[in-house]
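Read through the structure below, which is laid out as structure tokens, and then see the notes.
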Amino acid sequence: MKTNALYIFGILLLNLINSRNTLAKPVQNSRSKRFTTSVVKSERDAYGYLAKYGYNPCENESKPNGTNSETFCRQVALKTMLKDFQAQNGLPKTGTLSASVKKLMNTPRCGVRDMPRAFKTAKSWTKTCFTWNLRNGTLPSLGLTKIRQQIRQSFQDWATHSLLTFKEVSENEKADLYLAFTNQNNDSNFDGPGKTLAYASFLTVGEIRFDATEPWTEKYDDDDINLRLVATHQIGHVLGLGHSYGLLSIMNPYYLPMRSEDMLPEDDRHDIQALYGPRFPPSSGE
Ligand SMILES: [Zn+2]
């Protein structure tokens, strides 16, 4: 990754975000009541949101309380940041906190910043065989057995369409990639149910963190958050993929329910193959 990466609920957003990919189709049920918590209501909220996800060009973005320079920065930069956000997500570039912008900002997403996009398809590993493990943390109610099944499937999503192989090792063994669930008590990147779902570290750190307080599920509906879809997105990040803003890419930063049979979307297949090569030579049909 949904952050490229890779999600948005509901058919309404189909009209809001451009996409060239027609292979995978998101589940088009109504949006769950679980995710209707409004985080961004005001311009001040939007400013904080845009700063969090990398749109703030100001150096002092992390100051908790406004200073003169921060206020000036906010007044000057908010419209620009909103335009950048709208352009990034295929929305009309009005520079205003429109209803469509608010709706997207209040959609659960990946914790990896949108900007800058320097790491987009930047190859970070020189090998194709990886080990991974799931480490002790705060496990959600989905349970360890289903969690491991879902994560294995996520690795397989990438392995099926590339030269990559992944081997699970025990928790105490050294691994290239390691995953864990935690919550806002132990990780300031998280914020309770909804909002930020998970994030990944880039380059060869190989770390993926999931917010344990999300309603994780193995089901493919939009009542809860499907773990496989989010894990596949985050694995995409640790393999070197940045966010992709097509509606039907698993690397879209926003959570989009997809069907199991639509994994892996075509855009993502091309991106992973560009980094590591296809599973079979082109002459064999891939
Ligand atoms: Zn992401």
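The values are calculated or read from the model by the stated rules, or taken from the named source; none is laboratory data. Just so it is clear, the model here is predicted, and its values are computed rather than measured. Quick reminder, even Gly has a Cβ in these numbers, built from the backbone with ideal geometry, and neighbours come from all protein chains shown.
Side notes on the structure shown:
- Any hit, segment 240-259, residues being more than 14 Å from the ligand (Cβ to nearest atom), outside any loop (DSSP other than H, G, I, E, B), modelled with pLDDT of 90 or more and more than 11 Å from the chain's Cα centre (by Cα): yes
- Taking residues in segment 217-229 that are outside any helix (DSSP H, G or I), and partners anywhere that are modelled with pLDDT under 90 and among the β-branched types (Val, Ile, Thr), the pairs with Cβ atoms closer than 9 Å and at least 6 places apart or on different chains are Tyr220/Val27; Asp221/Val27; Asp222/Val27.
- Filter result for Asp262 (over 18 Å from Ile147 (Cα atoms), within 18 Å of the chain's Cα centre (by Cα) and not β-branched (Val, Ile, Thr)): yes
- Filter result for Asp191 (farther than 24 Å from Leu164 by Cα, surrounded by fewer than 20 Cβ atoms within 10 Å (Cβ to Cβ) and either at pLDDT 90 or above or touching a Lys or Arg at 6+ places or on another chain (Cβ under 8 Å) (or both)): no
- Which listed residue, of Thr232, Thr217, Thr204, Thr196, is among the polar types (S, T, N, Q), within 15 Å of the ligand (Cβ to nearest atom) and out of contact with any Gly (no Cβ under 8 Å at 6 or more places or on another chain): Thr232
- Residue check, Lys146 basic (Lys, Arg) and within 16 Å of the ligand (Cβ to nearest atom): no
- Some residue of segment 124-132 being under 28 Å from Val238 (Cα atoms), surrounded by 13 or more Cβ atoms within 10 Å (Cβ to Cβ), at pLDDT below 85 and outside the structural domain of Gly277 (by TED's automatic domain parsing): yes
- Options Val205, Val230: the member that is buried (at least 24 other Cβ atoms within 10 Å of the Cβ) and of a type in the set (A, V, I, L, M): Val230
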